[in-house]
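K.L.:
I'd like to ask you about the structure that follows.
Read-outs: derived from the displayed coordinates by stated rules, not from any lab. This one's a predicted model, so the numbers in the text were calculated from it and none came from an experiment. As a convention, Cβ positions derive from the backbone with ideal geometry for all residues, glycine included, and neighbour counts pool all protein chains shown.
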Amino acid sequence: MKQLCAVNVTVNGVSYQREVEPRLLLSDFLRHELNLTGTHVGCEHGVCGACTILFDGQSVRSCLIFAVQADGHSVTTVEGLAKSVDQLHPLQQAFWEAHGLQCGYCTPGILMTMIPFLEENPNPTEMEIRQALSGNLCRCTGYQHIVDAVKLAAEKMR
Amino acid sequence: MKPAPFEYHVPDSLEQALALLKEHGGDAKLLAGGQSLVPAMNFRVVQPGVLIDLNRVSELAYVRQDGENLRIGAMTRERTLEIDPLVAKQSPLLEEAMPHVAHPQIRNRGTLGGSLANADPAAELPVIMLALGARLKARNVSGERWMEAHDFFSGMFTTALAPDEILVEIELPPDLPHTGWSFMEVAPRAGDYALMGVAAQVTLDENGRCRQARLVYLNAGDGPVDAKEAAKILGGEMPNDDVIEAMAELVSRKEINPFGNIHASSDFQRHLAGVLTRKALKQAIERAGEDGLQ
Ligand SMILES: Cc1cc2nc3c(=O)[nH]c(=O)nc-3n(C[C@H](O)[C@H](O)[C@H](O)COP(=O)(O)OP(=O)(O)OC[C@H]3O[C@@H](n4cnc5c(N)ncnc54)[C@H](O)[C@@H]3O)c2cc1C
Ligand code: FES
Ligand code: FES
């Protein structure tokens, strides 16, 4: 018999209650149960970083957590960043201005990685930015414009 | 859905977790940070019938000074080891290795106990435990036992843990006076599994002679590889370039047994072991000298 578990989770400030199979990944829960498709899924084994979200404020892979484990926790996805369509988060604005994306597949994961990084490192060096980006794969940009965008974001957010 | 179905339990005490493990035995898997287990489940390489989630067993997450030893709970996150001032003070070697363990997002979830129980020959933490002479505590429903790091790792992805045991605590002894350390690895990218890596601990006496040395390698065999013969060469000697050279030669030719992979042939891994041995030994010896010697 299929086991179902209750999940009470706050996502982008909204609380949700669902019953899920324990094997449902948090990434699939966000995308298929809550229709928050901003969280992308690339590899589903922790390597690409596209699925990165904030779990109680810390960046984590949502493909390596089960949705049941989010019970009682707070999650932020890329949809939680902008105040409105024309009021982007300064980090998003910087990616726009510095051409920090091409196809955009990697972008949500990179943004959700950089949010806590810039909070802890308001004035990062290029090396620090590159190290913080090491867990996120981008197949388009060659990373240079991403690094530029993060530098610009750091200026905007200071 | 990616993983195969399983029955999920989330105990909130160690006692409950141990009872569940006893009840479900070989069909059950413990879930710590999930950063090695969940990828394997997503590939369906691992299909446990029962999953026992340790993430609510808060009594297993701590870093605590106890007299001269440091005690670390198995569920302590890798990120905590990276930033905890007690870790930096007791074991600078461990602190130095932490940024090399995967990427920040992985370290936010991955745990010390999970990495040790996983016993990946390419992982940093098992190597550090051997280099530091750590002791590991396991529990089952009927009691506890302590193991030396040396006896804990028994081969490729295998440990001395019995199916009904949970690794609960890691004890790190203090460094002896005049001890220097170094951790170095070569990886394709920051946070990737390394092609080769070494942890070195060197203790000098008041006259600057080596009292004790330890060299442990990752990705150099079917577990963390303790190069005891090479370390013996330094014992009782004044460290100098000739001795270091002899050690690097012995390690890279004889004491390690790297398998090679798509990123590096075993010859290249041996070459890297030689280069890293020279550099790490020099740094460790220098640091040992800075610790109160003329
Ligand atoms: C992209 C990526 C890159 C990585 N790079 C590196 C790297 O460079 N270096 C490195 O060392 N690691 C790396 N890792 C692995 C990471 O460090 C893991 O977190 C760690 O190896 C396992 O810890 P965990 O807490 O996630 O354990 P889990 O994945 O939850 O568990 C691993 C195994 O240990 C068992 N287990 C867990 N806790 C206990 C316990 N207390 N008692 C008994 N058994 C237990 C589980 O049942 C399971 O079999 C990487 C992982 C990913 C996804
Ligand atoms: S989809 Fe999660 S890391 Fe690639
Ligand atoms: S913009 Fe296409 S993968 Fe990064």
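K.L.:
Would you confirm whether or not segment A:82-102 contains a residue that is surrounded by fewer than 24 Cβ atoms within 10 Å (Cβ to Cβ), over 14 Å from the mean Cα position of the chain (by Cα), away from ligand 3 (no atom under 16 Å from the Cβ) and within 14 Å of chain B (Cβ to nearest Cβ)?
P.N.:
no
K.L.:
Going by the conditions given, is B:Asp242 surrounded by fewer than 21 Cβ atoms within 10 Å (Cβ to Cβ), without any contact (Cβ under 8 Å) to a residue 24 or more places away in the chain and either out of contact with any Gly (no Cβ under 9 Å at 6 or more places or on another chain) or aliphatic (A, V, I, L, M) (or both)?
P.N.:
So B:Asp242 passes the test.
K.L.:
Next up: Out of segment A:1-11, which residues are more than 12 Å from chain B (Cβ to nearest Cβ) and crowded, with 18+ Cβ neighbours inside 10 Å?
P.N.:
Taking segment A:1-11 as the starting set, the residues that turn out to be more than 12 Å from chain B (Cβ to nearest Cβ) are A:8-11.
Of everything in segment A:1-11, those that are more than 12 Å from chain B (Cβ to nearest Cβ) and crowded, with 18+ Cβ neighbours inside 10 Å turn out to be A:Val9, A:Val11.
K.L.:
Counting just the residues of segment B:62-84 that are among the acidic types (Asp, Glu) and in a helix (DSSP H, G or I), which one comes out farthest from the chain's Cα centre (by Cα)?
P.N.:
Per the criteria, the residue is B:Glu82.
K.L.:
Right, another one. Only one of these conditions is not met by A:Ser27: (1) within 16 Å of ligand 3 (Cβ to nearest atom); (2) within 13 Å of the chain's Cα centre (by Cα). Which number is it?
P.N.:
(1)
K.L.:
Considering each of B:Trp181, B:Trp146 in turn, give the residue that is surrounded by fewer than 21 Cβ atoms within 10 Å (Cβ to Cβ), more than 16 Å from ligand 3 (Cβ to nearest atom) and in a strand (DSSP E or B).
P.N.:
Of B:Trp181, B:Trp146, the one residue that is surrounded by fewer than 21 Cβ atoms within 10 Å (Cβ to Cβ), more than 16 Å from ligand 3 (Cβ to nearest atom) and in a strand (DSSP E or B) is B:Trp146.
K.L.:
Would it be correct to say that B:Ala190 is part of a loop (DSSP other than H, G, I, E, B), touching a strand residue (DSSP E or B) at 6+ places or on another chain (Cβ under 8 Å) and closer than 24 Å to B:His103 by Cβ?
P.N.:
Considered against the rule, which asks whether it is part of a loop (DSSP other than H, G, I, E, B), touching a strand residue (DSSP E or B) at 6+ places or on another chain (Cβ under 8 Å) and closer than 24 Å to B:His103 by Cβ, B:Ala190 comes out as no.
K.L.:
A further question follows. Please work out which residue is nearest to A:Glu119 (Cα to Cα), limiting yourself to segment A:53-67 and to residues that are more than 7 Å from ligand 2 (Cβ to nearest atom), within 8 Å of chain B (Cβ to nearest Cβ) and crowded, with 24+ Cβ neighbours inside 10 Å.
P.N.:
By that ranking, first place goes to A:Ser59.
A quick yes/no check of all residues on (1) within 25 Å of B:Asp192 (Cα to Cα); (2) within 13 Å of another protein chain (Cβ to nearest Cβ); (3) assigned to a helix (DSSP H, G or I):
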| position | (1), (2), (3) |
| --- | --- |
| B:Pro11 | no, no, no |
| B:Gly33 | yes, yes, no |
| B:Met41 | yes, yes, yes |
| B:Leu51 | no, yes, no |
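K.L.:
Being surrounded by fewer than 17 Cβ atoms within 10 Å (Cβ to Cβ) and within 14 Å of another protein chain (Cβ to nearest Cβ) is the requirement here; does A:Glu44 meet it?
P.N.:
Here the answer is no, as A:Glu44 does not meet what is asked.
K.L.:
Do we find that A:Leu137 is within 16 Å of ligand 3 (Cβ to nearest atom), outside any helix (DSSP H, G or I) and touching a Phe, Trp or Tyr at 6+ places or on another chain (Cβ under 7 Å) in this structure?
P.N.:
It is false that A:Leu137 is within 16 Å of ligand 3 (Cβ to nearest atom), outside any helix (DSSP H, G or I) and touching a Phe, Trp or Tyr at 6+ places or on another chain (Cβ under 7 Å).
K.L.:
Sort out which residues of segment A:113-133 are closer than 15 Å to A:Thr77 by Cβ and either more than 16 Å from ligand 1 (Cβ to nearest atom) or away from chain B (no Cβ under 14 Å) (or both), and write them in order of number.
P.N.:
Result: A:Met114, A:Ile115, A:Pro116.
K.L.:
Please work out which residue is farthest from ligand 1 (Cβ to nearest atom), limiting yourself to segment A:135-158 and to residues that are surrounded by fewer than 21 Cβ atoms within 10 Å (Cβ to Cβ) and within 13 Å of another protein chain (Cβ to nearest Cβ).
P.N.:
By that ranking, first place goes to A:Tyr143.
K.L.:
A follow-up question, please. Can you name the residue in segment A:70-79 that is buried (at least 22 other Cβ atoms within 10 Å of the Cβ) and in contact with a strand residue (DSSP E or B) (Cβ under 7 Å, 6 or more places away or on another chain) and, of all such residues, is nearest to the other protein chains (Cβ to nearest Cβ)?
P.N.:
In this case the residue turns out to be A:Ala70.
K.L.:
I would also like to ask the following. Could you tell me whether any residue of segment B:84-94 is within 14 Å of chain A (Cβ to nearest Cβ) and either surrounded by fewer than 23 Cβ atoms within 10 Å (Cβ to Cβ) or in contact with a His (Cβ under 6 Å, 6 or more places away or on another chain) (or both)? It would help to see each step written out before you state the result.
P.N.:
First pass over segment B:84-94, keeping only residues within 14 Å of chain A (Cβ to nearest Cβ): none.
Within segment B:84-94 (the criterion being within 14 Å of chain A (Cβ to nearest Cβ) and either surrounded by fewer than 23 Cβ atoms within 10 Å (Cβ to Cβ) or in contact with a His (Cβ under 6 Å, 6 or more places away or on another chain) (or both)), the answer is no, since none of the residues qualifies.
K.L.:
Does segment A:136-156 include one or more residues that are under 19 Å from B:Pro99 (Cα atoms) and not β-branched (Val, Ile, Thr)?
P.N.:
There is at least one residue in segment A:136-156 that is under 19 Å from B:Pro99 (Cα atoms) and not β-branched (Val, Ile, Thr).
K.L.:
Of all residues in segment A:15-34, how many are out of contact with any helix residue (DSSP H, G or I) (no Cβ under 9 Å at 6 or more places or on another chain) and either away from every other protein chain (no Cβ under 14 Å) or exposed (fewer than 12 other Cβ atoms within 10 Å of the Cβ) (or both)?
P.N.:
Residues that pass the stated criteria total 4.
K.L.:
Are there any pairs, at least 6 apart or on different chains, whose C-beta atoms fall under 9 Å, with the first in segment B:120-148 and farther than 15 Å from B:Gln90 by Cα and aromatic (Phe, Trp, Tyr) and the second part of a strand (DSSP E or B) and near ligand 1 (Cβ under 9 Å from one of its atoms), and if so, which?
P.N.:
Pairs that qualify, where the first residue is farther than 15 Å from B:Gln90 by Cα and aromatic (Phe, Trp, Tyr) and the partner is part of a strand (DSSP E or B) and near ligand 1 (Cβ under 9 Å from one of its atoms), are B:Trp146/B:Ala138.
K.L.:
Also: Go through segment B:233-263 and give me each residue that's of a type in the set (S, T, N, Q) and over 24 Å from the mean Cα position of the chain (by Cα).
P.N.:
Keep residues of segment B:233-263 that are of a type in the set (S, T, N, Q), which gives B:240, B:252, B:257, B:261.
Passing the criteria: only B:Asn240.
K.L.:
Further question on the same structure: Could you pull out every one of the strands (runs of 3 or more DSSP E) wholly within segment A:1-94 that has 2 or more residues that are within 19 Å of B:Asn108 (Cβ to Cβ) and within 16 Å of ligand 1 (Cβ to nearest atom)?
P.N.:
In segment A:1-94, the matching strands (runs of 3 or more DSSP E) lie at A:52-55, A:58-61.
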